[in-house]
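The values are calculated or read from the model by the stated rules, or taken from the named source; none is laboratory data. It should be emphasised that the depicted structure is a prediction, and the values quoted were computed from it without experimental measurement. A quick note on method: Cβ atoms are made from the backbone with ideal geometry, for glycine too, and the neighbour counts reach across all protein chains shown.
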Ligand code: GAR
């Protein structure tokens with residue numbers, strides 16, 4: 001029987017994509033990465049995918065915003081809606097993955113993107129470098145490090161969760177914690193990333209398991 005197909009969405013370095021590639025290759029993840037989509041043409045993750053023989057494409061918001069001034073909010077909203085619509089059409093109409101994994105995808109996915117996926121019954125999960133209910137949105141690693149050093153929290157971590165419209169708030173599949181200690185941002189970041197490389201693999205195995213159970 002063919003392995004379930006995985007689409008990975010990235011925006012940057014792709015170290016979590018690498019963890020997925022390595023663990024699909026070793027057979028630990030019972031799935032096959034069929035495509036990688038990046039929101040940036042400069043993402044190093046595109047190189048990692050190509051080296052692994054995985055087809056890639058770039059879907060950049062700036063192409064859609066070209067020529068529209070920031071002040072023209074209506075035209076920008078329209079461009080963003082078109083960006084979402086085109087992306088979802090590529091995914092549902094062409095790639096047809098069994099699951100989608102956001103591994104460092106940095107754009108907010110709104111309901112006009114998520115609703116058609118839910119209708120098509122394609123689960124979508126996301127990796128976030130903070131614990132549930134803490135530091136949603138961007139720069140979570142830096143914000144959680146600062147809160148830890150200021151004595152406001154004594155734990156940090158990461159989670160893999162189902163994507164819903166509210167940013168970084170969907171039901172968690174995997175949560176991993178570490179204790180705060182006195183350390184530099186770089187040290188905290190390295191510990192969070194090491195944790196993420198395990199969480200993304202476990203989260204993907206879990207979503208595939210839940211898919212098979214349906
Ligand atoms: C990871 O730390 C991931 O949690 C974060 O981007 C990084 C991507 O690293 N994602 C978010 O903050 C999403 N809210 P990578 O490109 O090396 O995998």
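Being part of a helix (DSSP H, G or I), in contact (Cβ under 8 Å) with a residue 60 or more places away in the chain, in contact with a helix residue (DSSP H, G or I) (Cβ under 7 Å, 6 or more places away or on another chain) and surrounded by 15 or more Cβ atoms within 10 Å (Cβ to Cβ) narrows it down to one residue among 127, 107, 20, 87; which is it?
Within the list 127, 107, 20, 87, the selection yields 20.
Checking the structure you have, find out if any residue of the stretch 63-71 is modelled with pLDDT of 95 or more, in contact with a strand residue (DSSP E or B) (Cβ under 9 Å, 6 or more places away or on another chain) and within 16 Å of residue 90 (Cβ to Cβ).
Scanning the stretch 63-71, I find no residue that is modelled with pLDDT of 95 or more, in contact with a strand residue (DSSP E or B) (Cβ under 9 Å, 6 or more places away or on another chain) and within 16 Å of residue 90 (Cβ to Cβ), so the answer is no.
If you check residue 100 against the conditions, is it without any contact (Cβ under 8 Å) to a residue 40 or more places away in the chain, crowded, with 17+ Cβ neighbours inside 10 Å, more than 12 Å from the ligand (Cβ to nearest atom) and assigned to a strand (DSSP E or B)? Give the derivation first.
Working: without any contact (Cβ under 8 Å) to a residue 40 or more places away in the chain: no; crowded, with 17+ Cβ neighbours inside 10 Å: yes; more than 12 Å from the ligand (Cβ to nearest atom): yes; assigned to a strand (DSSP E or B): yes.
Judged against the criteria, residue 100 is not a match.
Among (1) over 16 Å from residue 103 (Cα atoms); (2) out of contact with any helix residue (DSSP H, G or I) (no Cβ under 7 Å at 6 or more places or on another chain); (3) part of a helix (DSSP H, G or I), there is one condition residue 145 misses while meeting the rest; what is its number?
(2)
In the stretch 103-153, which residues are near the ligand (Cβ under 8 Å from one of its atoms) and touching a strand residue (DSSP E or B) at 6+ places or on another chain (Cβ under 6 Å)?
Of everything in the stretch 103-153, those that are near the ligand (Cβ under 8 Å from one of its atoms) and touching a strand residue (DSSP E or B) at 6+ places or on another chain (Cβ under 6 Å) turn out to be 103, 104, 105, 126, 127, 128, 129.
On the given criteria, is residue 196 touching a residue at least 40 places away in the same chain (Cβ under 8 Å), within 18 Å of the chain's Cα centre (by Cα), in a helix (DSSP H, G or I) and away from the ligand (no atom under 11 Å from the Cβ)?
Numbers: touching a residue at least 40 places away in the same chain (Cβ under 8 Å): yes; within 18 Å of the chain's Cα centre (by Cα): yes; in a helix (DSSP H, G or I): yes; away from the ligand (no atom under 11 Å from the Cβ): no.
Spelling it out, it is not the case that residue 196 is touching a residue at least 40 places away in the same chain (Cβ under 8 Å), within 18 Å of the chain's Cα centre (by Cα), in a helix (DSSP H, G or I) and away from the ligand (no atom under 11 Å from the Cβ).
If you go through the stretch 202-212 one residue at a time, do you hit one that is at pLDDT 95 or above, assigned to a loop (DSSP other than H, G, I, E, B), within 15 Å of the ligand (Cβ to nearest atom) and surrounded by 18 or more Cβ atoms within 10 Å (Cβ to Cβ)?
Scanning the stretch 202-212 turns up no residue that is at pLDDT 95 or above, assigned to a loop (DSSP other than H, G, I, E, B), within 15 Å of the ligand (Cβ to nearest atom) and surrounded by 18 or more Cβ atoms within 10 Å (Cβ to Cβ).
Across the stretch 154-176, what is the total count of residues that are part of a strand (DSSP E or B) and within 15 Å of the ligand (Cβ to nearest atom)?
Initial filter on the stretch 154-176 (part of a strand (DSSP E or B)): 155-162, 172-176.
From what's left, within 15 Å of the ligand (Cβ to nearest atom): 156-162, 172-176.
Total satisfying the criteria: 12.
Conditions tested, residue by residue: (1) surrounded by fewer than 21 Cβ atoms within 10 Å (Cβ to Cβ); (2) modelled with pLDDT under 95; (3) within 19 Å of residue 129 (Cβ to Cβ).
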{"site": "6", "(1), (2), (3)": "no, no, no"}
{"site": "13", "(1), (2), (3)": "yes, no, yes"}
{"site": "42", "(1), (2), (3)": "yes, no, no"}
{"site": "55", "(1), (2), (3)": "yes, no, no"}
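The conditions are (1) loosely packed, with under 15 Cβ neighbours inside 10 Å; (2) over 18 Å from residue 98 (Cα atoms); (3) in contact (Cβ under 8 Å) with a residue 40 or more places away in the chain, and residue 30 fails exactly one of them. Which is it?
(2)
With the requirement that a residue be more than 14 Å from residue 123 (Cβ to Cβ) and out of contact with any helix residue (DSSP H, G or I) (no Cβ under 6 Å at 6 or more places or on another chain), what does the stretch 158-171 give you? Break it down stepwise before answering.
Residues of the stretch 158-171 more than 14 Å from residue 123 (Cβ to Cβ): 158-159, 165-169.
Those that are more than 14 Å from residue 123 (Cβ to Cβ) and out of contact with any helix residue (DSSP H, G or I) (no Cβ under 6 Å at 6 or more places or on another chain): 159, 166, 167, 168, 169.
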